[in-house]
Structure formats: C-alpha cells, structure tokens
1. Exactly one condition in (1) charged (D, E, K, R); (2) crowded, with 21+ Cβ neighbours inside 10 Å; (3) under 19 Å from Arg204 (Cβ atoms) is not met by Asp80; state its number.
2. Which members of the stretch 27-62 meet the condition of being assigned to a strand (DSSP E or B) and of a type in the set (A, V, I, L, M, F, W, C)?
3. Which residue, of Val28, Val85, is under 22 Å from Val206 (Cβ atoms) and either of a type outside the set (Lys, Arg) or at pLDDT 95 or above (or both)?
4. Going residue by residue through the stretch 7-15, is there one that turns out to be of a type in the set (Val, Ile, Thr) and not in a loop (DSSP other than H, G, I, E, B)?
5. Tell me which helices (runs of 4 or more DSSP H) are completely within the stretch 184-232 and hold 3 or more residues being in contact with a strand residue (DSSP E or B) (Cβ under 7 Å, 6 or more places away or on another chain), or say none if there are none.
6. Out of the residues in the stretch 43-68 that are of a type in the set (S, T, N, Q) and touching a residue at least 24 places away in the same chain (Cβ under 8 Å), which is surrounded by the most Cβ atoms within 10 Å (Cβ to Cβ)?
7. If Asn7 passes every condition in (1) touching a His at 6+ places or on another chain (Cβ under 7 Å); (2) modelled with pLDDT under 95 but one, which one does it miss?
8. Name the residue, out of Glu203, Glu175, that is modelled with pLDDT of 95 or more and touching a Ser or Thr at 6+ places or on another chain (Cβ under 9 Å).
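The values are calculated or read from the model by the stated rules, or taken from the named source; none is laboratory data. Model, not experiment: these values are computed from the prediction. Here the Cβ positions follow ideal geometry from the backbone for every residue, glycine too, while neighbour counts run over all protein chains shown.
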Amino acid sequence: MRIDARNHGYTELNRVIRASSDEKFQLVNVLGQRYIGAGLSGKEIMIEGTPGNALGAYLNGSKIIVHGNAQDAIGDTMNDGAIIVHGNCGDTTGYAMRSGEIYVQGNAGYRVGIHMKSYQDLYPIIVIGGKVGDFLGEYQAGGIIIVLGIGVEGCPVGSFCGTGMHGGEMFIRSETAPVGLPVQVCCEKATDEEKQSIRHYVERFVKHFGNDVDDLLSGTFFKLTPNSASPYKQLYVNN
C-alpha cells in the first residue's frame, strides 16, 4: 500500500497501517512525523523522506527502511525487528533496545546504544557505517555495537565512550583506539577470530548499503568490553 504522508500526522498513519490487511507499505512525503511504526508487529514499511523522533519505538518484529535521514531515538526500547537507514540519524539511536537490529549507512549522533541490554536469546545489534558522537554505549548492558568508520579520518567515535558500560561488546574499526576511556572499560585490538564473530552483521550491512565485507573486516578493529577487574556492574542492582 502506498500512502502519501503529506498533511497526515503519525496517529493517522499508524492507524491505517495497523488496520490494513496489507503487510507492506510505502510512505512518501514523510516530513517529521514521530512514532512511525511504534510497537508494530508483522509489517514492512518503506519510508521516503525524513521521519521524526522515536521511529520504530517499541518495534516488535516489523521491518522499517528509510530512504533518507532519520532523527533522534530510532528503535527506542525496540523488542525485535529491523530498522535500516539509508542516510544519517540523530541522537540516542537504539535507546534501551532489547533485541532486533539497526543499520545506519552514514553517521549517528550522541549516546548511540545507551542502556541497550540483552536477555537470554534476545540480543540487540547496532551497526553504524560512518562515525558517532559522544557517549557511545553509555550504560550498555548487552548486545553488540559496531562502528565501521567508512570514509572517516581518525577514530570514528567521540568522547566518553563506554561510560557506565557493564555488559555487551563494541567493535570500532579504526587505526587508533578511542581516547579517554574509563578504567571500567577494557579496550584491545580485536583478533581475527573476534572479527569473524561479527561477520554476519557486517554482511547484512553490506547487503543493505554496498561495500566489501572482506575489505571492511581486513581493517583494524578495537573491541571494547567491561573490565572485570574494575567493573561498573557492581553499581547496579541485579534483578
């Protein structure tokens, strides 16, 4: 189903998508509507334009493809599914996401992956093709964040990377390690075996946006994990 989003708010767009028996939707002329696809299951939405904040919030198994840029908080607390952005995105990408996958071709803003977590077989993945701002993986408790740094000079992550990180992993493709890491975060060059462990997600990135998997994985990656000798985890209540 093709829907012209011009002069339509997010409430009406989501109502039409949920009520329709169609499984695939093309939204054109999208300009700033928030919450598109919030909590949605079993649908595929292709967006032409620029969706507003909280795209795919609480997403529960749907697929959203954006041909353009996205704004803040895409995939906020998403449970499952995929969000694919053929452009850049704003701050707090993947905020508190619990599972599913987010792929961004270009750059992302501050606090990517903040509070993302995993539970049993639920495992969130974020792959950013370009660079990210400050506080990458802030309070990360699970899942994998990959920053490929394509076309970026120097380290593709900002300051305060890993602040509060107490679970999960980050893989940063860069010749130089992030600076100013807290002592509670361990940073080492990824081994070939460790790089192969993320190959599946790099392959998916390349499938969406192009590039060469082997060329990307041949570069230097730094792997960031919580430092068990000086953990942040002791600061948090175990449920």
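1. Only one criterion is unmet by Asp80, namely (2).
2. If the condition is that a residue be assigned to a strand (DSSP E or B) and of a type in the set (A, V, I, L, M, F, W, C), then Leu27, Val28, Val30, Leu31, Ile45, Met46, Ile47 are the ones that fit.
3. After applying the criteria, what remains is Val85.
4. Yes, some residue in the stretch 7-15 is of a type in the set (Val, Ile, Thr) and not in a loop (DSSP other than H, G, I, E, B).
5. Numbers: elements: 192-196, 199-209, 213-217.
Counting at least 3 such residues, we get 199-209.
6. Restricting to residues being of a type in the set (S, T, N, Q) and touching a residue at least 24 places away in the same chain (Cβ under 8 Å), the top hit is Ser62.
7. Against the list (1) touching a His at 6+ places or on another chain (Cβ under 7 Å); (2) modelled with pLDDT under 95, Asn7 comes up short only on (1).
8. Working: Glu203 fails: touching a Ser or Thr at 6+ places or on another chain (Cβ under 9 Å).
Of Glu203, Glu175, the one residue that is modelled with pLDDT of 95 or more and touching a Ser or Thr at 6+ places or on another chain (Cβ under 9 Å) is Glu175.
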